[in-house]
Amino acid sequence: MTSVAPSPVKNIVILMSGTGSNMMAIARAAQREKWHDTLGARLACVISNRPDAQGLALAAQLSIATQVIDHQQFNSREAFDAALQTAVDSYQPVLVVLAGFMRILTPGFVAHYAGRLINIHPSLLPAFTGLHTHQRAIDAGCEVTGATVHWVTTELDHGRIVRQAVVPILPGDTADTLAARVLSQEHLLYPQAVRRLLQQLRKPSS
Ligand code: GAR
């Protein structure tokens, strides 16, 4: 096996599956705030498990490298995760950012990226893990909900909280109206969380 010299730049890899609006919020913040100059960091690649993910074209428009690893081409979760890991590792990322990445990751993958793998979830964790978070928050009579950026563990939507945003639930809210308001807060929250983590991370030795 050949060894690869560590990258002097703090690489970020984003994994996503669909619209990619959180990915774009991070990408735009990185460009607007010149993360390369101010944090020594860059968004190295956006990887999708779905070839039809809208976010792929959006990332390409910002000249960000994209890659597709189609989970349907693999006959086991382990085989898919192994291919994904090879692709992600080629960038030696300091941070692997799940942004609407709708796949359950194997324990081996999660362990490999321990301390480098974060996710955003549309609820105030630990409340409402899993799906249909907005409807469940409305049905429970919550006055507030929100979004959480957290470290990824093997347990779905668990892990130490990095940062949260609170969003009020208004009279007459539907799951859709609430989801839209939460999503707009996600677009502020996720770039803030990534920036803060990059500031805390030590530059990889060269
Ligand atoms: C976001 O609301 C994100 O919080 C959610 O998927 C959406 C992706 O939107 N993630 C989860 O539910 C993970 N458990 P995007 O593709 O436009 O960023």
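Derivation of every value follows stated rules applied to the coordinates shown; laboratory data play no part. Given the structure is predicted, the values throughout are model-derived calculations rather than measurements. Here the Cβ is made from the backbone with ideal geometry for all residues, glycine too, and neighbour counts use every protein chain on show.
List of remarks:
- Among the DSSP helices (H) of the chain, those spanning at least 30 angstrom by Cα along their long axis with an average Kyte-Doolittle hydropathy of -0.5 or more are 175-200; this is a geometric and hydropathy rule only.
- Placing +1 on each Lys and Arg Cβ and -1 on each Asp and Glu Cβ, with no other charges, gives the range 134-206 a dipole about its Cα centre of roughly 660 debye.
- Taking label points 7 Å from Cα along the Cα-to-Cβ direction, R103 and L156 give a separation of 1.6 nm.
- Residue with peak Gaussian network fluctuation, the chain [Cα springs, cutoff 10 Å], from A147, A114, A99: A114
- Each residue in F101, F128 was given a count of other beta-carbon atoms within 10 angstrom of its own, and listing them fewest first yields F128, F101.
- Charge dipole (debye, nearest 20) of the range 1-137; +1 at Cβ of Lys and Arg, -1 at Cβ of Asp and Glu: 300
- The value of relative contact order for the chain, using C-alpha pairs under 8 Å at least six residues apart, is 23 percent.
- Measuring nothing but how far apart in sequence close Cα pairs (under 8 Å, 6+ apart) lie, relative to its length, the range 93-206 scores a relative contact order of 23 percent.
- Here the contact order of the range 1-105, divided by its residue count and restricted to Cα pairs under 8 Å and six or more residues apart, works out to 40 percent.
- Estimated distance in nm for a label pair at A65 and H132, the labels positioned 7 Å out from Cα along Cα-to-Cβ: 4.1
- Distance from the Cα centroid of the range 41-62 to that of the range 109-152 is 23 Å (rounded to whole angstrom).
- Farthest towards the positive end of the charge dipole of the chain, among the residues A165, H132, I69, is the Cα of A165, using unit charges on the Cβ of Lys, Arg, Asp and Glu.
- For the range 156-162, backbone phi angles converted through the Karplus equation (6.51, -1.76, 1.60; θ = phi - 60°) give residue-by-residue couplings of 4, 6, 10, x, 4, 7, 8 Hz, Gly and Pro being listed as x.
- Of S21, S48, S76, the one that fluctuates the most in a GNM where the chain has Cα springs shorter than 10 Å: S76
- For the range 117-125, 3J(HN,Hα) per residue [Karplus equation, 6.51 cos²θ - 1.76 cosθ + 1.60, θ = phi - 60°, Hz, x = Gly/Pro]: 10, 10, 9, 10, 10, x, 7, 8, 4
- Using a Gaussian network model of the chain in which every pair of alpha carbons under 10 angstrom is joined by a spring, one finds that among N75, N49, N11 the greatest mean-square fluctuation is at N75.
- Sorted ascending by nearby beta carbons within 10 Å, beginning with the fewest, L62, L117 become L62, L117.
- Rounded to 5, the percent of DSSP beta bridges in the chain classed as antiparallel: 40
- Close amide-amide hydrogen proximity is noted between G100 and I120, each under 5 Å apart and 5 or more residues distant or on a separate chain (H modeled in the peptide plane; Pro and chain starts excluded).
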